[in-house]
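The values are calculated or read from the model by the stated rules, or taken from the named source; none is laboratory data. Note that the coordinates shown come from a computational prediction; the quantities given were computed from them, not determined experimentally. Note that each Cβ is placed from the backbone with ideal geometry, even for glycine, and that neighbours are counted across all protein chains shown.
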Amino acid sequence: MKVTLSVIKADVGGLVGHHVVPEELEEIAWDVLEEYRGELLIDFDVSHVGDDLILIMTHEEGVDSPDIHGIAWEAFQEAAALAREMGLYGAGQDLLKDAFSGNVRGLGPGVAEMEIEERPSEPVVIFAADKTEAGAWNLPLFKIFADPFNTAGLIIDPKLHSGFRFEVWDLIEHRRVFMSTPEEMYDLLALIGSPGRFAIKRVFPKPGHVIPEDEPVAVASTERLYEEAGRYVGKDDPVMIVRAQHGLPAVGEVLEPFAFPHLVAGWMRGSHWGPLMPVGVKDAKPTRFDGPPRVIALGYQLKGGHLIGPEDMFDDPAFDRARAMANEIADYMRRHGPFEPHRVSFHDLEYTTMPEVLKKLEGRFEPLQ
Ligand code: F6R
Ligand code: MG
Ligand code: MG
């Protein structure tokens, strides 16, 4: 059966600053989605990472469905209303416009959706990160689907051996390019090594795979909040769906890149590089310097569109070392204070509130002789 998995997230208010989504907001979002269970929605789940509320929905309406996006919008609006009532911080932060016209894209929320022919057993991992940007998925996605030092199956399993096709978005010029690995691995890395500019949107199997070549095996949200808002309102805090097993990377290969807490842009005021710390949901609450950036992984088995799970995949001592390393990196990076490369580049600060600060210096600059 064809089923669509839609993961839509938004920051609609935080308990104690930009810290965490309180239970009440998850409950109200749950109640909204519950009204549509068995009608438009087959199944759903509600979760959070830091101050981002995450809606996970399954249905048969396909991607970009106005009905499904409408449900998400309604859930976010209701949660934001409660957040306002409770005086939560940044209530309604990511709901940039009042008028919903059929799609939440461009209105603030982040979206990752895929329509797939469900396999007899369909393991999926949903990742969500707080205090970082969409390009944060580039390194792990590359490792999962193209790096044999991460994914043993690329070498060992004939079904993975021919590699994968990447859809890469240029987030500044608003264009995209498809690239295949292993053939174009170096060209691909030339682009995605600059995660502020290029972000992997989807990954596809190659022709001859058990999964049709036009069906994504991974999809990420690539919304850029500052662009949509026209001003700095926080980082994008992306989500991502990755399918696993049986001709795809194993669940363990999908999780393995996160054993290395790589540096991502975001953290305090969306303006600092810091390590991406993999955590269980109970620890998905950024504290130190509003961080360090966190990532959670929710594992589900899909069956007839029903979500069996979640399994909290990073709630595992096997990731303790990654967390300890992230803390050490956090110490090291923090000691740079306002200096690059802890602080993001001058160019990237243009997308924050920094230009306002610098405006007052404008008249004081004199030409050099
Ligand atoms: C980063 C983030 C926080 C805020 C910071 C200042 O994505 O959300 O680090 O940027 O707490 O927030 P305001 O300007 O709302 O006081
Ligand atoms: Mg917030
Ligand atoms: Mg957030």
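Could you say whether any residue in segment 130-144 is in the same structural domain as His18 (by TED's automatic domain parsing) and more than 16 Å from ligand 2 (Cβ to nearest atom)? No; the residues of segment 130-144 include none that is in the same structural domain as His18 (by TED's automatic domain parsing) and more than 16 Å from ligand 2 (Cβ to nearest atom). Just to be sure, is Pro286 more than 13 Å from ligand 1 (Cβ to nearest atom), surrounded by 19 or more Cβ atoms within 10 Å (Cβ to Cβ), outside the structural domain of His59 (by TED's automatic domain parsing) and outside any strand (DSSP E or B)? No.
Here are some residues: His59, His48, His69. Which one is within 16 Å of ligand 1 (Cβ to nearest atom) and either within 26 Å of Gln301 (Cα to Cα) or without any contact (Cβ under 8 Å) to a residue 12 or more places away in the chain (or both)? It would help to see each step written out before you state the result.
Values: His59 fails: within 16 Å of ligand 1 (Cβ to nearest atom); His69 fails: within 16 Å of ligand 1 (Cβ to nearest atom).
After ruling out the rest, the residue left standing is His48.
All conditions but one from (1) in contact (Cβ under 8 Å) with a residue 40 or more places away in the chain; (2) part of a helix (DSSP H, G or I) apply to Val111; the one that does not is (2).
For every residue, the table says whether it meets (1) in contact with an Asp or Glu (Cβ under 9 Å, 6 or more places away or on another chain); (2) farther than 22 Å from Glu215 by Cβ; (3) among the aliphatic types (A, V, I, L, M); (4) assigned to a helix (DSSP H, G or I).
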| position | (1), (2), (3), (4) |
| --- | --- |
| Thr4 | yes, no, no, no |
| Val7 | yes, no, yes, no |
| Glu27 | no, yes, no, yes |
| Ile54 | yes, yes, yes, no |
| Met57 | yes, no, yes, no |
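Exactly one residue out of Gly208, Gly163 is touching a Pro at 6+ places or on another chain (Cβ under 6 Å), at positive phi and touching a residue at least 12 places away in the same chain (Cβ under 8 Å): that is Gly163. Exactly one residue among Arg202, Arg197, Arg176, Arg165 is basic (Lys, Arg) and over 30 Å from Ser345 (Cα atoms), and that residue is Arg165.
Mind telling me which of the residues Pro293, Pro278 ends up being in contact with a Lys or Arg (Cβ under 6 Å, 6 or more places away or on another chain) and either of a type outside the set (Lys, Arg) or under 27 Å from Val46 (Cβ atoms) (or both)? Outline the logic, then answer.
Values: Pro278 fails: in contact with a Lys or Arg (Cβ under 6 Å, 6 or more places away or on another chain).
That would be Pro293, the only listed residue that is in contact with a Lys or Arg (Cβ under 6 Å, 6 or more places away or on another chain) and either of a type outside the set (Lys, Arg) or under 27 Å from Val46 (Cβ atoms) (or both).
Candidates Gly92, Gly106: the one that is within 13 Å of ligand 2 (Cβ to nearest atom) and assigned to a loop (DSSP other than H, G, I, E, B) is Gly92.
Restricting segment 233-261 to residues that are within 15 Å of the chain's Cα centre (by Cα) and in a loop (DSSP other than H, G, I, E, B) leaves a set whose member that is nearest to Gly299 (Cα to Cα) is Pro238. Taken over segment 281-290, residues that are more than 21 Å from Phe44 (Cβ to Cβ) and in contact with a His (Cβ under 9 Å, 6 or more places away or on another chain) amount to 5.
For (1) assigned to a helix (DSSP H, G or I); (2) more than 24 Å from Ala128 (Cα to Cα), each residue gets a yes or a no:
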{"site": "Leu191", "(1), (2)": "yes, no"}
{"site": "Glu213", "(1), (2)": "no, yes"}
{"site": "Pro216", "(1), (2)": "no, no"}
{"site": "Glu227", "(1), (2)": "yes, no"}
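Identify the residue in segment 60-117 that is of a type in the set (Phe, Trp, Tyr) and away from ligand 3 (no atom under 16 Å from the Cβ) and, among all such residues, is modelled with the lowest pLDDT. Checking each candidate, the answer is Phe100. Mind counting the residues in segment 193-239 that are in contact with a Ser or Thr (Cβ under 6 Å, 6 or more places away or on another chain) and β-branched (Val, Ile, Thr)? Summing the residues that are in contact with a Ser or Thr (Cβ under 6 Å, 6 or more places away or on another chain) and β-branched (Val, Ile, Thr) in segment 193-239 gives 1.
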